[in-house]
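*Asks:* Here you go, one structure.
The values are calculated or read from the model by the stated rules, or taken from the named source; none is laboratory data. For clarity, every value in this text was computed on a predicted model and none was experimentally measured. Don't worry about glycine lacking a Cβ; one is built from the backbone with ideal geometry, like all the others, and counts go over all protein chains shown.
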Amino acid sequence: MMNEGSELSVTIAQIVQRLKGTHLHSQLEKQAKECLHRPEIRLESIKEDVRKFLRATGWERKLQNAVYRELHILPPSGHPEAPLEHTKEPLAYMRKAQASWEKRILKSLNSMCTELGVPLARKRPVLEQKELTSKWNEMGADEPDLSKFRPVYAPKDFLEVLINLKNPNHDHSDGLTARSHWGLIPISLSVRDVPQLREAYPELSLSCSQLGIDDHAHVPPDLFESEHIRIGKKVVDEQDSAAAQQYSRQGSPTGLRAQLWALILNITNDPEDVAHYEQLKAAVIHHDLLVDNLIYKDVKLTASNDDYYFVFEDVLYQVLLCFSRDTAVLEHFSYNSATPPKSYIQGKTGEEEFAVVYPPNGVIPFHGFSMYVAPLCFLYNEPCKLYSVFREMYVRYFFRLHSISSSPSGIVSLCLQFERLLQIHLPQLFFHLQEIMAQPLRIAFKWMVRAFSGYLSTDQLLLLWDRILGYDSLELVAVLAAAVFAFRAENLMEVTSLASAEAVLADLSTLKVMPLLQIFLFANVI
Amino acid sequence: MTGNPVDCTVKSPVALKIGDAVSDLFCPGVYITDIVLGEPENIQEISFKNYYTAYLTVCVLKREGGTADSPVKWATCVRNHCLMANPHTEGGSQDYFSIYRQQMLTEPDNVTTVRLIQRQPSSVWLSFAIEDIKIYSAAHEDSERDVPSWLSTITPVEEPLDLNGLPDPHAVSSSIQQMWALTEVMQSSQTTASVGRFDVDGCYDINLLSYT
C-alpha cells in the first residue's frame, strides 16, 4: 500500500515530539555529555561510541521502553480529511450516544449540586487545609455525612444506555433471522469467534504451560514454575518493557509481579514522578471538590465492604483524590471517545479564558470506580508508585469500560462478544435464560465493567490482569464471562427466574480463572 | 492530498436492478455514481467518506487524444476495493478513504468522467452511499510559478570564513535552529495540562457544569 512509509514517518515524528522535553530526554543528553570524558569515546567515531556507551549502560533500553509506551497510547492515525472526533470514534451514532450520555451525567451532577447547595469546587480555608494535612494517612477514620450524596450512575444505568444504542442504518424489519440480535446489544460490531481467539491467544493453549494452572500444588515446580521464575528474574534484570509484556502472557510470579507490571507500563518512579504526586496532594489540600464526596461514598460502599480490600481504605482515598486533580489524564481524551466536562469560573459562562475542566482530570467517578484501584494495593505500598501504575492502567484500559465506542476493547464490543460466544457455543443455555427473562448480559455486565475486580478472589484476578497487560486488550474479560456461564451451565439450565440465575452466579470467589479460559477456548468441541 | 479539489459535478446514485419491476421491498445492492469533471484532468487522488459501502470499483472515462474531438474510452482503475472487511459489521463503515494514482490499474490521465460502482451485499443495512467525494489532480511537471530573476543569480559562498576564535556559524545556526524549534514546540503544546495547573490564576470556583 502506498502510504505505509509515510505513515511510519508520521508516527516517528509524533513520538519524537512527545519525548522531546521529557525528563528522559534531558537525562539522556546529560549522560551523553558526561560520557565524553571517558577514554573509550574517540573523536573520530564519536557518534558510534556514544551510542555504544548508552547501550551498555542501559539508557538505550530506557529509551526503547519509553518509545514502546508511547506506541501504546498513540492516538489512531486518521485520514487528513477526518475531523478529530471521527478519529476518536468513527461511527456517528456512537458519538451522539456518548454525547447524550455525558449530558445526562452532567445534568445529574448539576442537580445534585443545586439540591444539596454544595459547590462543585471550593478553596479550603487554611484551618481545614491544616487539618487535612495532618490526617492525610487516615482519611478513612473520618466519617463525613455522605447520606445526601448518591453515585452519579451505576453500571446498570450504563447498560440501559448500551441496550438502547441504535444504528439508524440498521435494518430491523426482518424480525428474528440468523443475523438478528437475540441478545441485548443491537449493534453489528466485528467480534472474534473461538477459532480466531485460539489464534490470537496461543499462549493460553493446552500445550502451553502457564501460571494459574501449572503452578498448582500437585505439579512439581521443576516442570514449569522454577524455570518461569528464572526467566522472569532475567526479564526484570534486563528492564525490557516489551519482553515483560510477552512474558506476562503466561502469568507473572507473585514475587515479581509488581516489578513486571511497572516495567510493562513503563513506570520509572523518577523524582519527577514523586514531585508530581506531591503536587497533586497539595492540590487536594487546597481545593475541595464535589467529586471527592462521590469518591468517599464509592469507597465506603464498595471497597470498604469487601473482605479483601477494606484494609486499603485510606490508600484508596489518597490515590483517587489525587487522580481527580491530575490534568495529565486529559491527554487520553485524544483517543477516548468521551469529552471531559467543562465549566466556567466565577460564573463567566461562555468566556473561553475562564473555561476550566471539571474535575481537573475530566473523569467523573461512578459506583464501583474505586475497584479499579483496590487490587493494585496488594502489589504496591508506596502511594506514589501505586498512583502511577493505576493512572497508566486507567489511560490504557479501564477508560474503555465506561465510554461508548466501537473499539475492539470497548465495553460495547465486549458485551457483544460475550453474547455471541454464548449464542454460538451454548445456544440452549442462552435460549433458556432468555425464556425465563434472565438475559445473560444483565448478570455479566457488572463483572465486565469492573474487569472482574471485587468478584474474583484477588490472586485469580491478578492472573487475569496479567493477561490483559500481556495481550494489551480487554477481550479476555468477555471470554471469561462466557467461560463462567459455561462452567455453571448445568445449574443455570435448572433455574426458572432471573433471581435464581443471579444466585447461581453470585459467588465467583472460588473460581480458577486460567483453567476456565483454557477449557472454553481450547477444550471445547466446535 | 495535493492542492485543492477540482471542480466536478456528482450525479445522484443510480441503483442497478434486473428487469423493470420496481417494488417497495426492493433494496439495491449496487449503486452507480457518475462524477463529471469540468475539464479533462490527470487524477492524483480520489478521497471520500464511506457510508456502509462494502466494495468499490472505480472506472474512468478517458479522452484518447489531446483534442476535444478525440474518442473516449472507459477503463477500470480499481476493482472491488474493499472498504469494509466484513460487509455485515461496522468496520470501515463510516471511515474516510483515499484512492491514489499509484494504486490504479491504468493511468487516470485526461479523465472526463469518473464512475464509482458501489456494492453492499449484506442485508443488514438499510442503505449505503459514498459521500464528500473530492478529486485531486496531479501536480504539473513544469511549475507555473516563475522563479524571480534575482534568486537565480545568487552564487554560493565558497571561501572559508575567517572565524577569529568565533564558533563555527553552521554549528551555531543549527543549534539556534534547534532551540527555536524547541521553543516553537513548547509554545504550540502549551496547555494547562503540561504545567499541571487546573485553575485560572488560582481560582477554581465553579457553580455549574456547562452543557455545550
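*Asks:* Looking at (1) in contact with a helix residue (DSSP H, G or I) (Cβ under 7 Å, 6 or more places away or on another chain); (2) facing chain B (nearest Cβ under 7 Å), find the lone condition where residue A:323 falls short.
*Replies:* Here residue A:323 clears every test but (2).
*Asks:* For residue A:122, only one of the following conditions fails: (1) farther than 18 Å from residue A:321 by Cβ; (2) outside any loop (DSSP other than H, G, I, E, B). What is its number?
*Replies:* (1)
*Asks:* What number goes with the only condition from (1) on the phi < 0 side of the Ramachandran plot; (2) crowded, with 18+ Cβ neighbours inside 10 Å; (3) aromatic (Phe, Trp, Tyr) that residue B:52 does not pass?
*Replies:* (1)
*Asks:* Consider residue A:370 against the criteria (1) in a loop (DSSP other than H, G, I, E, B); (2) crowded, with 23+ Cβ neighbours inside 10 Å: it satisfies all of them except one. Which criterion is unmet?
*Replies:* (1)
*Asks:* Let me ask another. Go over the candidates B:75, B:129 one by one and state the one that is touching a strand residue (DSSP E or B) at 6+ places or on another chain (Cβ under 7 Å) and within 20 Å of residue B:28 (Cβ to Cβ).
*Replies:* None of the other options fit; the residue is B:129.
*Asks:* While we're here: With respect to residue A:123, determine if the residue is away from chain B (no Cβ under 14 Å) and either charged (D, E, K, R) or crowded, with 17+ Cβ neighbours inside 10 Å (or both).
*Replies:* Taking the combined requirement at face value, the residue does not satisfy it.
*Asks:* Can you report the number of residues in segment B:55-72 which are among the aliphatic types (A, V, I, L, M) and without any contact (Cβ under 8 Å) to a residue 40 or more places away in the chain?
*Replies:* Kept after step one, since they are among the aliphatic types (A, V, I, L, M), are these residues of segment B:55-72: B:56, B:58, B:60-61, B:68, B:72.
With the extra rule that they be without any contact (Cβ under 8 Å) to a residue 40 or more places away in the chain, the set shrinks to B:68.
Total meeting the criteria: 1.
*Asks:* On to the next question. Could you tell me which residue of segment A:61-93 is surrounded by the fewest Cβ atoms within 10 Å (Cβ to Cβ), considering only residues that are in a helix (DSSP H, G or I) and in contact with a Ser or Thr (Cβ under 6 Å, 6 or more places away or on another chain)?
*Replies:* Filtering segment A:61-93 for residues that are in a helix (DSSP H, G or I) and in contact with a Ser or Thr (Cβ under 6 Å, 6 or more places away or on another chain), the one surrounded by the fewest Cβ atoms within 10 Å (Cβ to Cβ) comes out as A:68.
*Asks:* For segment A:208-254, enumerate the residues that are among the basic types (Lys, Arg) and surrounded by 15 or more Cβ atoms within 10 Å (Cβ to Cβ).
*Replies:* The answer is A:249, and nothing else.
*Asks:* Restricting segment A:24-45 to residues that are of a type outside the set (Gly, Ala, Ser) and surrounded by 13 or more Cβ atoms within 10 Å (Cβ to Cβ), which is farthest from residue A:238 (Cα to Cα)?
*Replies:* For segment A:24-45, the residue satisfying everything is A:41.
*Asks:* Can you name the residue in segment A:79-132 that is more than 30 Å from the chain's Cα centre (by Cα) and aliphatic (A, V, I, L, M) and, of all such residues, is nearest to residue A:163 (Cα to Cα)?
*Replies:* Only one residue tops the list, namely A:116.
*Asks:* Considering A:501, A:483, which residue is buried (at least 17 other Cβ atoms within 10 Å of the Cβ), within 16 Å of residue A:212 (Cα to Cα) and not basic (Lys, Arg)?
*Replies:* On the way: A:501 fails: within 16 Å of residue A:212 (Cα to Cα).
Among A:501, A:483, only A:483 is buried (at least 17 other Cβ atoms within 10 Å of the Cβ), within 16 Å of residue A:212 (Cα to Cα) and not basic (Lys, Arg).
*Asks:* Separate question: Right, residue A:98: crowded, with 17+ Cβ neighbours inside 10 Å and of a type outside the set (A, V, I, L, M, F, W, C) or not? Write out each step before concluding.
*Replies:* Numbers: crowded, with 17+ Cβ neighbours inside 10 Å: yes; of a type outside the set (A, V, I, L, M, F, W, C): yes.
It is true that residue A:98 is crowded, with 17+ Cβ neighbours inside 10 Å and of a type outside the set (A, V, I, L, M, F, W, C).
*Asks:* Kindly list the number of the only condition in (1) part of a helix (DSSP H, G or I); (2) within 10 Å of chain B (Cβ to nearest Cβ); (3) under 28 Å from residue B:93 (Cα atoms); (4) touching a residue at least 60 places away in the same chain (Cβ under 8 Å) that fails for residue A:105.
*Replies:* Going through (1) part of a helix (DSSP H, G or I); (2) within 10 Å of chain B (Cβ to nearest Cβ); (3) under 28 Å from residue B:93 (Cα atoms); (4) touching a residue at least 60 places away in the same chain (Cβ under 8 Å) one by one, residue A:105 breaks only (3).
*Asks:* Further question on the same structure: For segment A:278-287, enumerate the residues that are of a type outside the set (D, E, K, R) and either outside any helix (DSSP H, G or I) or away from every other protein chain (no Cβ under 11 Å) (or both). Can you show your working first?
*Replies:* We begin by selecting, within segment A:278-287, every residue of a type outside the set (D, E, K, R); these are A:279-280, A:282-287.
A:284, A:285, A:287, listed by residue number.
*Asks:* Only residues that are of a type in the set (Gly, Ala, Ser) and within 13 Å of another protein chain (Cβ to nearest Cβ): list them for segment B:35-55, please. Steps first, answer last, please.
*Replies:* The first filter runs over segment B:35-55 and keeps only residues of a type in the set (Gly, Ala, Ser), leaving B:38, B:47, B:54.
If the condition is that a residue be of a type in the set (Gly, Ala, Ser) and within 13 Å of another protein chain (Cβ to nearest Cβ), then B:47, B:54 are the ones that fit.
*Asks:* Another one. In segment B:75-117, which residue that is away from chain A (no Cβ under 14 Å) and among the charged types (D, E, K, R) is nearest to residue B:59 (Cα to Cα)?
*Replies:* B:115
*Asks:* Examine segment A:439-453 for a residue that is part of a helix (DSSP H, G or I), surrounded by 15 or more Cβ atoms within 10 Å (Cβ to Cβ) and among the polar types (S, T, N, Q), and state whether such a residue exists.
*Replies:* No, segment A:439-453 contains no residue that is part of a helix (DSSP H, G or I), surrounded by 15 or more Cβ atoms within 10 Å (Cβ to Cβ) and among the polar types (S, T, N, Q).
*Asks:* Just one of B:75, B:85 is aliphatic (A, V, I, L, M) and either in contact (Cβ under 8 Å) with a residue 60 or more places away in the chain or not in a strand (DSSP E or B) (or both); which is it?
*Replies:* So the residue among B:75, B:85 that is aliphatic (A, V, I, L, M) and either in contact (Cβ under 8 Å) with a residue 60 or more places away in the chain or not in a strand (DSSP E or B) (or both) is B:85.
*Asks:* For segment A:338-360, what are the residues that are at the interface with chain B (Cβ under 7 Å from one of its Cβ atoms), within 20 Å of residue A:295 (Cα to Cα) and part of a loop (DSSP other than H, G, I, E, B)?
*Replies:* Within segment A:338-360, A:341, A:358, A:360 meet the criteria.
*Asks:* Within the set of pairs 6 or more residues apart or between chains, which connect a residue that is at negative phi inside segment A:140-159 to a residue that is loosely packed, with under 12 Cβ neighbours inside 10 Å and modelled with pLDDT of 90 or more with Cβ atoms less than 9 Å apart?
*Replies:* A:148/A:115
*Asks:* Give segment A:7-21 a look and list any residue that's exposed (fewer than 14 other Cβ atoms within 10 Å of the Cβ) and in contact (Cβ under 8 Å) with a residue 24 or more places away in the chain, or say none.
*Replies:* Scanning segment A:7-21 gives A:7, A:10.
*Asks:* Sticking with this one: So residue B:68 fits all but one of (1) within 18 Å of the chain's Cα centre (by Cα); (2) more than 13 Å from every other protein chain (Cβ to nearest Cβ); what number is the exception?
*Replies:* In the conditions (1) within 18 Å of the chain's Cα centre (by Cα); (2) more than 13 Å from every other protein chain (Cβ to nearest Cβ), residue B:68 misses (1) alone.
*Asks:* Just to be sure, is residue A:27 under 33 Å from the mean Cα position of the chain (by Cα) and either within 29 Å of residue A:276 (Cα to Cα) or within 14 Å of chain B (Cβ to nearest Cβ) (or both)? Don't jump to the end; show me each part of the working.
*Replies:* Numbers: under 33 Å from the mean Cα position of the chain (by Cα): yes; either within 29 Å of residue A:276 (Cα to Cα) or within 14 Å of chain B (Cβ to nearest Cβ) (or both): yes.
Yes, satisfied.
*Asks:* Among the numbered criteria (1) outside any helix (DSSP H, G or I); (2) in contact (Cβ under 8 Å) with a residue 24 or more places away in the chain, which one does residue A:506 miss?
*Replies:* Among (1) outside any helix (DSSP H, G or I); (2) in contact (Cβ under 8 Å) with a residue 24 or more places away in the chain, the lone unmet condition for residue A:506 is (2).
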